[in-house]
Amino acid sequence: STIVVYTTKDCAFSARAYYTLKTMCQPTNKILLMQGSLDEWMDQGGQFETDFKPSLSLVSEADVENDSNHTNYEAVANQNIVSMDEVLNIVQSNLQEKEVDYIIIDARGAARFHGEAPEPRPGLRGGHMPGSLNVPFTNLLQHDDVTKFKSIPEMRDVFEKAGLDVHTEKNVVCSCGSGVTACVLATALMECGRDSSKTFIYDGSWLDWGS
């Protein structure tokens, strides 16, 4: 069976659910992200239900063996997640002008990145991690529908204008305000053909660093 992640109109955060499943479930080729919203699906005549359906649940191996229709998704330790300590080492190396194998990209808007607009969460500092690049996540999404990514050439152009080669051999750490829209960057990089094993999420993001 295949897991399809979708969202409702005007919600740009489905990439977080998609990327979380991609990093913690196997097989990853069975996890897909739908472009467009449930609203669009319904408008185009797609079937839908309103009754309750059980979600994914924990079952025993015996239950799986006795039910040929049951899909077994094996949970694994989360992959490609970095901690504040790891990010701190990267930033310190940048400040000391040492050669590092990591590039940090930040999905927040330019005004927040440059400390010109306040953070939406009280008590957080403004600004950005030294050495990081700014790639506002909204630049990767279609202007008239944030449930859809732009074309691959357009996304590559967004990254290049921000100073990032999507095929760089360096590891790329994606950050944002709270670890949600960073997944938009990671998903876009994957769609652009980047090796996903060399892309990481700073799950704490600015909520962690800025506090």
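Answer with yes or no whether Ser83 is under 21 Å from the mean Cα position of the chain (by Cα) and open to solvent by less than 80 Å² (accessible area, probe 1.4 Å). Give the derivation first.
Details: under 21 Å from the mean Cα position of the chain (by Cα): yes; open to solvent by less than 80 Å² (accessible area, probe 1.4 Å): yes.
Judged against the criteria, Ser83 is a match.
Could you run through the range 102-126 and say how many residues are surrounded by 15 or more Cβ atoms within 10 Å (Cβ to Cβ) and within 16 Å of Leu207 (Cβ to Cβ)? Please lay out each step first, then the result.
To start, the set of residues in the range 102-126 that are surrounded by 15 or more Cβ atoms within 10 Å (Cβ to Cβ) comprises 102-109, 112-113, 119, 124, 126.
Then drop every residue that is not within 16 Å of Leu207 (Cβ to Cβ), which leaves 104, 106-109, 112-113, 119, 124, 126.
Qualifying residue count for the region: 10.
Filter the range 180-194 down to residues that are touching a residue at least 24 places away in the same chain (Cβ under 8 Å) and surrounded by fewer than 22 Cβ atoms within 10 Å (Cβ to Cβ) and give me whichever is farthest from Glu119 (Cα to Cα).
If we filter the range 180-194 for residues that are touching a residue at least 24 places away in the same chain (Cβ under 8 Å), which is where we start, we get 180-189, 191-194.
Going one step further and asking which of them are surrounded by fewer than 22 Cβ atoms within 10 Å (Cβ to Cβ), we end up with 180, 191-194.
Details: Val180: 15, Glu191: 29, Cys192: 30, Gly193: 32, Arg194: 31 Å.
Looking at the filtered set, the residue picked out is Gly193.
Looking at the range 102-161 only, could you name the residues that are over 16 Å from the mean Cα position of the chain (by Cα), of a type in the set (Lys, Arg) and within 21 Å of Cys11 (Cβ to Cβ)?
Answer for the range 102-161, where residues must be over 16 Å from the mean Cα position of the chain (by Cα), of a type in the set (Lys, Arg) and within 21 Å of Cys11 (Cβ to Cβ): Arg112, Arg121.
Just to be sure before I move on: is Lys22 part of a loop (DSSP other than H, G, I, E, B), in contact with a helix residue (DSSP H, G or I) (Cβ under 9 Å, 6 or more places away or on another chain) and of a type in the set (Lys, Arg) in the structure I sent? If you could, list the steps in order and put the result at the bottom.
Working: part of a loop (DSSP other than H, G, I, E, B): no; in contact with a helix residue (DSSP H, G or I) (Cβ under 9 Å, 6 or more places away or on another chain): yes; of a type in the set (Lys, Arg): yes.
Here the answer is no, as Lys22 does not meet what is asked.
Let's see how each residue does on (1) of a type in the set (Ser, Thr, Tyr); (2) more than 28 Å from Asp145 (Cα to Cα); (3) modelled with pLDDT of 85 or more:
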site	(1), (2), (3)
Gln26	no, yes, no
Gly36	no, no, yes
Phe48	no, no, yes
Phe52	no, yes, no
Ser57	yes, yes, no
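Between Leu133, Leu141, which is open to solvent by 10 Å² or more (accessible area, probe 1.4 Å) and modelled with pLDDT of 95 or more?
Leu133
Collect the residues in the range 1-19 that are part of a loop (DSSP other than H, G, I, E, B) and open to solvent by less than 50 Å² (accessible area, probe 1.4 Å), keeping them in residue-number order. Reasoning before the result, please.
Just the residues of the range 1-19 that are part of a loop (DSSP other than H, G, I, E, B), to begin with: 1-2, 8-13.
If the condition is that a residue be part of a loop (DSSP other than H, G, I, E, B) and open to solvent by less than 50 Å² (accessible area, probe 1.4 Å), then Cys11, Ala12 are the ones that fit.
Cβ-Cβ distance below 6 Å, separation of 6 or more or different chains: which pairs start in the range 104-125 with a residue that is among the basic types (Lys, Arg) and end on one that is assigned to a loop (DSSP other than H, G, I, E, B)?
Pairs that qualify, where the first residue is among the basic types (Lys, Arg) and the partner is assigned to a loop (DSSP other than H, G, I, E, B), are Arg108/Cys176; Arg108/Gly177; Arg125/Gly210.
Name the pairs: first residue in the range 156-172 and open to solvent by less than 80 Å² (accessible area, probe 1.4 Å), second residue acidic (Asp, Glu), Cβ to Cβ under 7 Å, at least 6 apart or on different chains?
Close Cβ pairs (under 7 Å, with a partner that is acidic (Asp, Glu)) amount to Lys170/Asp101; Asn171/Asp101.
The values are calculated or read from the model by the stated rules, or taken from the named source; none is laboratory data. Only a predicted model underlies this, so the values are computations on that prediction, with no experimental measurement involved. Note that we place each Cβ from the backbone using ideal geometry, even for glycine, and neighbour counts take in every protein chain shown. In case anyone asks, the SASA skips ligands and DNA or RNA and just uses the protein heavy atoms, side chains included. Shrake-Rupley method; radii C 1.70, N 1.55, O 1.52, S 1.80 Å.
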